[in-house]
Every structure is written in structure tokens, then in C-alpha cells.
Amino acid sequence: MTLIFAHRGARLAAPENTEVAFQLAGELGADGIELDVRLSADGVAVIHHDPHLVDGREVHALELRALPHSVPTLHAGLDACGSLTVNIELKNSRYDPAYDSDLAVVHRVIEELDTRVDDPSRWLVSSFDLETLNEFHRLRPEIPTAFLTSRKPEPGLSLAVEHSHSAWHPRWEDLTPELLLAAHDLGIRVNVWTCNEPDDLERLINWGVDAVITDAPDVARSVRDRLR
């Protein structure tokens, strides 16, 4: 069965990457939550997609106490996800003003997950930055990891295999049935991002993708239920 991951929570119905959006995603039928993690100036793992706030201030330059209350810590965000599976995207791009070659975000996320008694399979850690993802996998190989790609899909799949990641996250537009079959033959799960339209969701589910990451979990759930 194709799983449904709410992209930054139920972001069409609530502010993205907030506790409310995570809670609402579960109510709308999502199987899991996708959220983004970066560090504040004082080294706290917080949930925010962009490197800067809407007012232009950079997240990594502000201590936790200076961030808006709408920006949750990873601890609070995971609590808000309840028992759902959580895809934690590590934000540490080389094109990001907050890029950290010491990969501190990896260690802060591990520290948080280590405080929890959940089965490691509840978590899925992803990143566009291969070095960051590889470091997480080296330190916590029992937690599934996924390589995110936004360009040519074939090299992304090859790198996921080469570095022993359990999943590959291509843009949904980049996936073909042939690539999906190749990934599955190699034992790699394929979770596509970010698909919202019913016709596209139906096609991907019929192909047999492992998960769709979507802004509209209620729409995806309706499509999946209809195809059963």
C-alpha cells in the first residue's frame, strides 16, 4: 500500500511546519509527516523549511528565544505528530547560508531521537546533501535514510544504492515506471515529492510507489481509498 506523507504537515489547511499542521495531517488521514529541521544560533533543532524567516532574519543567526513561537523545536514537533511515521529532512545545503561542514544538525537530531523509545522504523531521515545523510547513516544505521533529488533521477538512485540508503526521494515528475521497477529490484523504496493532483496521485499509486509526499493528504487518502 502506498503511504501518504503530509508535506510540512497539512500545509494547505494550517501554517506549514507547525504543531497544528502536524496534528491536522493525522486527522486528514496521513500515514506520516514530512518536516524540515535546521539549527538555531544556540544549537537547538527547530522545524523550519527556509533558511530565513518571512521578515528576512536568518534562522541560524537567532537563538531559540528570538524565534517566533510558531517555529517549533524538533522535540515539540515530534510530540505533535503523535504515533505517525515521521520523515525528518535535514536542512544543510551547501547553497544555504547556514551550511555547517561539522554537520551539527545530524548530532542534534540523533540526540533527540535517542531520548525516545520508538522503534527506529518509525523515523525516516532524508536530505539533499549526501555528506550530511551519509553521516547520519554512519552513526545510526538502524534508522532508515533517504536521498532526496531534484535533478537527473538516475544518478540519484545510483547514489542511494551506493551509500546503502534505504529509500530514494525523487520529484514525482522525474519518476518513470522503469526507474521505479529498477529501484525496487535493488531493494530501494521510492517516495515521491510533492504530488497534489488527483490524476497524478492515481497514476503514481497504480505504479506502486512506496509513498507520496503531498500538500493535500486528504485528497491523496481519498484517491488511495478509491483504488483499493
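The values are calculated or read from the model by the stated rules, or taken from the named source; none is laboratory data. What you see is a predicted model, and the numbers here were worked out from it, not measured in a lab. Counting neighbours? That spans all protein chains shown, and the Cβs are built from the backbone with ideal geometry, glycine included. Side chains included, ligands, DNA and RNA excluded: accessible areas come from the protein's heavy atoms. Shrake-Rupley method; radii C 1.70, N 1.55, O 1.52, S 1.80 Å.
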For the range 8-53, the count of residues that are without any contact (Cβ under 8 Å) to a residue 12 or more places away in the chain and among the small types (Gly, Ala, Ser) equals 1
Write out, first by first residue and then by second, each pair whose Cβ atoms fall under 9 Å of each other, whose residues are 6+ apart or on separate chains, and whose first residue, in the range 67-92, is part of a loop (DSSP other than H, G, I, E, B) while the second is surrounded by fewer than 19 Cβ atoms within 10 Å (Cβ to Cβ) and aromatic (Phe, Trp, Tyr).
-> Asn92/Tyr99
Would you mind stating whether Asp36 is under 22 Å from Asp100 (Cβ atoms) and either open to solvent by 40 Å² or more (accessible area, probe 1.4 Å) or of a type in the set (A, V, I, L, M, F, W, C) (or both)?
-> no
Conditions (1) touching a strand residue (DSSP E or B) at 6+ places or on another chain (Cβ under 6 Å); (2) free of Cβ contacts under 8 Å to residues at least 40 places away in the same chain; (3) of a type outside the set (Gly, Ala, Ser); number of the one not met by Asp210 = (2)
Pick from Leu133, Leu201, Leu159, Leu181: which is more than 26 Å from Ser93 (Cα to Cα), assigned to a helix (DSSP H, G or I) and open to solvent by less than 70 Å² (accessible area, probe 1.4 Å)?
-> Leu201
Within the range 204-228, the count of residues that are closer than 16 Å to Thr85 by Cα and assigned to a helix (DSSP H, G or I) comes to 2
Residue among Val117, Val190 that alone is open to solvent by 70 Å² or more (accessible area, probe 1.4 Å), within 24 Å of Phe22 (Cα to Cα) and among the hydrophobic types (A, V, I, L, M, F, W, C) | Val117
Hey, among the residues in the range 13-33 that are within 21 Å of Asn191 (Cα to Cα) and more than 17 Å from the chain's Cα centre (by Cα), which one's most open to solvent (accessible area, probe 1.4 Å)?
-> Leu28
Looking only at the range 108-119, decide whether some residue is touching a residue at least 24 places away in the same chain (Cβ under 8 Å), hydrophobic (A, V, I, L, M, F, W, C), over 23 Å from Pro170 (Cβ atoms) and assigned to a loop (DSSP other than H, G, I, E, B).
-> no
Scanning the range 66-114 for residues that are under 18 Å from the mean Cα position of the chain (by Cα) and of a type in the set (S, T, N, Q), which turns out surrounded by the fewest Cβ atoms within 10 Å (Cβ to Cβ)?
-> Ser83
Taking interchain pairs and intrachain pairs at least six residues apart, which have beta carbon atoms under 9 angstrom, with the first residue in the range 196-207 and in contact (Cβ under 8 Å) with a residue 24 or more places away in the chain and of a type in the set (Phe, Trp, Tyr) and the second outside any helix (DSSP H, G or I) and exposed (fewer than 15 other Cβ atoms within 10 Å of the Cβ)?
-> Trp207/Thr176
Within the range 51-59, identify whether any single residue is out of contact with any strand residue (DSSP E or B) (no Cβ under 7 Å at 6 or more places or on another chain) and closer than 29 Å to Ala30 by Cα, and answer yes or no.
-> yes
